[in-house]
Amino acid sequence: MNDQITAVAARNAELPDTLAPSSDQLKGTVCLVCGIDDAPEGQRIPVHHPDSSAVWACADEAAEACALTGHPWWQTEPCPHWCHGTHKAYDQPPDRLHFSRWESATPLSLQELDSCRVGDEYEHFVQFATVYLQQRLREAAPIVLLAFPGNVEGFELTVDEAQSVADGLLFAVGLATAQPNAPEN
Ligand SMILES: [Zn+2]
Ligand SMILES: [Zn+2]
């Protein structure tokens with residue numbers, strides 16, 4: 001997991017060294033990707049650049065422009081170090097979320113299987129408790145998401161609240177696994 005976090009953090013540099021826009025590209029005279037100067041107004045997708053708000057790319061090259069700058073035009077701050085970072089130029093506002101690359105998924109043996117009929121057959125799925133991080137665009141801190149079967153949207157916890165729930169779980173586990181002759185907590 002640590003290796004993944006290191007890799008993601010390295011990829012979140014503001015701009016890769018290989019991207020050095022020309023003065024025409026910085027002034028917004030020509031496309032950042034292909035260099036044409038006559039794309040129609042609505043087909044010019046803004047590209048975030050720290051030194052100029054005029055940078056753009058042709059609409060069908062927006063994804064490529066994202067790859068060049070490391071993030072899409074609507075994202076003006078770097079991703080948190082834990083984000084998987086696969087944001088796209090055409091993500092709609094509700095999808096503009098940072099998600100952790102890391103996720104914990106625990107199969108729950110005491111939960112009913114999730115069963116559904118597909119044609120003449122039934123398919124059965126084990127249910128999981130999942131934990132991951134999420135942060136909406138322009139919000140200052142991450143939310144810890146805890147999702148259980150029947151609550152796939154998840155419970156949103158602040159980091160402090162998640163710490164408290166985690167402490168409670170660990171305390172319960174400690175009680176359950178303590179040796180009878182060990183002193184009580
Ligand atoms: Zn272009
Ligand atoms: Zn992100």
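Has the stretch 95-112 got at least one residue that is under 30 Å from residue 22 (Cα atoms) and either within 16 Å of ligand 1 (Cβ to nearest atom) or not small (Gly, Ala, Ser) (or both)? Quick ask: steps written out before the conclusion?
If we filter the stretch 95-112 for residues that are under 30 Å from residue 22 (Cα atoms), which is where we start, we get 96.
Applying the additional criterion that residues be either within 16 Å of ligand 1 (Cβ to nearest atom) or not small (Gly, Ala, Ser) (or both) yields 96.
There is at least one residue in the stretch 95-112 that is under 30 Å from residue 22 (Cα atoms) and either within 16 Å of ligand 1 (Cβ to nearest atom) or not small (Gly, Ala, Ser) (or both).
Here are some residues: 58, 66, 116, 83. Which one is in contact with a His (Cβ under 7 Å, 6 or more places away or on another chain) and either assigned by TED's automatic domain parsing to the domain that holds residue 136 or surrounded by 13 or more Cβ atoms within 10 Å (Cβ to Cβ) (or both)? Before the answer, list the steps.
Details: 58 fails: in contact with a His (Cβ under 7 Å, 6 or more places away or on another chain); 66 fails: in contact with a His (Cβ under 7 Å, 6 or more places away or on another chain); 116 fails: in contact with a His (Cβ under 7 Å, 6 or more places away or on another chain).
After applying the criteria, what remains is 83.
Those residues that are out of contact with any Lys or Arg (no Cβ under 8 Å at 6 or more places or on another chain) and within 7 Å of ligand 2 (Cβ to nearest atom), I need them from the stretch 71-87; list them, please.
Scanning the stretch 71-87 gives 79, 80.
Taking the criterion of being surrounded by 12 or more Cβ atoms within 10 Å (Cβ to Cβ), on the phi < 0 side of the Ramachandran plot and not in a loop (DSSP other than H, G, I, E, B), would at least one residue in the stretch 168-184 satisfy it? It would help to see each step written out before you state the result.
We begin by selecting, within the stretch 168-184, every residue surrounded by 12 or more Cβ atoms within 10 Å (Cβ to Cβ); these are 178.
If we keep only those that are on the phi < 0 side of the Ramachandran plot too, we end up with 178.
Subset that is not in a loop (DSSP other than H, G, I, E, B): none.
No, every residue in the stretch 168-184 fails to be surrounded by 12 or more Cβ atoms within 10 Å (Cβ to Cβ), on the phi < 0 side of the Ramachandran plot and not in a loop (DSSP other than H, G, I, E, B).
Scan the stretch 23-45 and tell me whether some residue there is surrounded by 13 or more Cβ atoms within 10 Å (Cβ to Cβ) and within 16 Å of ligand 2 (Cβ to nearest atom).
No, the stretch 23-45 has no match at all.
Check whether at least one residue in the stretch 71-78 is surrounded by 14 or more Cβ atoms within 10 Å (Cβ to Cβ), over 27 Å from residue 40 (Cα atoms) and at pLDDT 95 or above, and report yes or no.
Initially, the stretch 71-78 is screened for residues surrounded by 14 or more Cβ atoms within 10 Å (Cβ to Cβ), giving 71-75, 78.
From what's left, over 27 Å from residue 40 (Cα atoms): 78.
Now narrow it down to the ones that are at pLDDT 95 or above: none.
The answer is no, given that none of the residues of the stretch 71-78 is surrounded by 14 or more Cβ atoms within 10 Å (Cβ to Cβ), over 27 Å from residue 40 (Cα atoms) and at pLDDT 95 or above.
Test residue 178 against the criterion of being in contact with an Asp or Glu (Cβ under 8 Å, 6 or more places away or on another chain) and closer than 16 Å to residue 97 by Cβ, and give yes or no.
Numbers: in contact with an Asp or Glu (Cβ under 8 Å, 6 or more places away or on another chain): yes; closer than 16 Å to residue 97 by Cβ: no.
No.
How many of the residues in the stretch 34-70 are in contact (Cβ under 8 Å) with a residue 40 or more places away in the chain and out of contact with any strand residue (DSSP E or B) (no Cβ under 9 Å at 6 or more places or on another chain)? Full working, then the answer.
Quick first cut of the stretch 34-70, residues in contact (Cβ under 8 Å) with a residue 40 or more places away in the chain only: 45, 68-70.
Of the ones still in play, those that are also out of contact with any strand residue (DSSP E or B) (no Cβ under 9 Å at 6 or more places or on another chain) are 70.
Matching residues across the stretch 34-70 total 1.
From the set of residues in the stretch 50-85 that are of a type in the set (S, T, N, Q) and more than 30 Å from residue 144 (Cα to Cα), which is farthest from ligand 1 (Cβ to nearest atom)?
Of all residues in the stretch 50-85, those of a type in the set (S, T, N, Q) come to 52-53, 69, 75-76.
If we keep only those that are more than 30 Å from residue 144 (Cα to Cα) too, we end up with 52-53.
Numbers: 52: 16, 53: 18 Å.
Step by step, filter the stretch 50-85, then rank; the result is 53.
Kindly state which helices (runs of 4 or more DSSP H) lie completely within the stretch 1-70 and contain at least 1 residues that are among the basic types (Lys, Arg) and at pLDDT below 80. Walk me through it before giving the result.
Details: elements: 2-11, 23-27, 62-69.
By residue number, 2-11.
The values are calculated or read from the model by the stated rules, or taken from the named source; none is laboratory data. From a predicted model like this one, the values you see are computed outputs, not experimental measurements. Counting neighbours? That spans all protein chains shown, and the Cβs are built from the backbone with ideal geometry, glycine included.
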